[in-house]
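S.K.: Encoded as structure tokens, here's the structure I'll be asking about.
The values are calculated or read from the model by the stated rules, or taken from the named source; none is laboratory data. Just so it is clear, the structure is predicted and the values come from calculations on it, not from any experiment. Don't worry about glycine lacking a Cβ; one is built from the backbone with ideal geometry, like all the others, and counts go over all protein chains shown. Heavy atoms of the whole protein, side chains included, go into the accessibility calculation; ligands, DNA and RNA do not. Shrake-Rupley method; radii C 1.70, N 1.55, O 1.52, S 1.80 Å.
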Amino acid sequence: SRTYVNSSGDHVMLSFAYGGDQGRALQVHKPEVCYEAQGFKITADARGAVKTVEGNIPVRRLVARLGARTEPITYWIRSGNSIVTGWYEQNKVRIMSGLVNGEIADGLLVRVSTIDTDKERAYQVHDQFIQALMQSTNALDHEMLLGVKEMRQAAN
């Protein structure tokens, strides 16, 4: 996890959580579950997409609240070679990886968040940050963040 500060003074929190085994017991945990376990209330939950040099990244957008703290969150999960934004997709990839490929997929949670009461403004900051992240990293990094390129293009 790291926090970055942009030229406008926004503090953008970036977190990666990697798991080499996406079997049921060890799969990446979704932020809406982890935040609620820490006492936050999820007050908004929607799907979206971030346009990048690699195409559109399907994302999940949340707003978590705890007392006076409001934290808009943008995240995606790469499970094997697919990007998933919900439990159905995550379980489908897990099952298909085992049945079709005979392997247990790895997974990566990519979470971007800010402290901001204006969620639309926060999501614009998140999008700009993700776009800058993709522009400043190489193809191998993109594969780790997004999965195999051919599979991403099929989803876009």
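A quick yes/no check of all residues on (1) open to solvent by 70 Å² or more (accessible area, probe 1.4 Å); (2) at pLDDT 90 or above; (3) under 14 Å from Leu133 (Cα atoms):
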| residue | (1), (2), (3) |
| --- | --- |
| Arg2 | yes, yes, yes |
| Asn6 | no, yes, yes |
| Gly9 | no, yes, no |
| Ala17 | no, no, no |
| Arg24 | yes, no, no |
| Phe40 | no, yes, no |
| Thr43 | no, yes, no |
| Ala49 | no, yes, no |
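S.K.: Here are the criteria: (1) assigned to a strand (DSSP E or B); (2) at pLDDT 95 or above; (3) under 13 Å from the mean Cα position of the chain (by Cα). Tell me which single one Thr70 does not satisfy.
M.R.: Exception for Thr70: condition (3).
S.K.: Which ranges mark the helices (runs of 4 or more DSSP H) fully within region 73-156 that have 1 or more residues being at pLDDT 70 or above and out of contact with any helix residue (DSSP H, G or I) (no Cβ under 8 Å at 6 or more places or on another chain)?
M.R.: On the way: elements: 87-96, 119-135, 139-146, 149-155.
Helices (runs of 4 or more DSSP H) meeting the threshold: 87-96, 119-135, 139-146.
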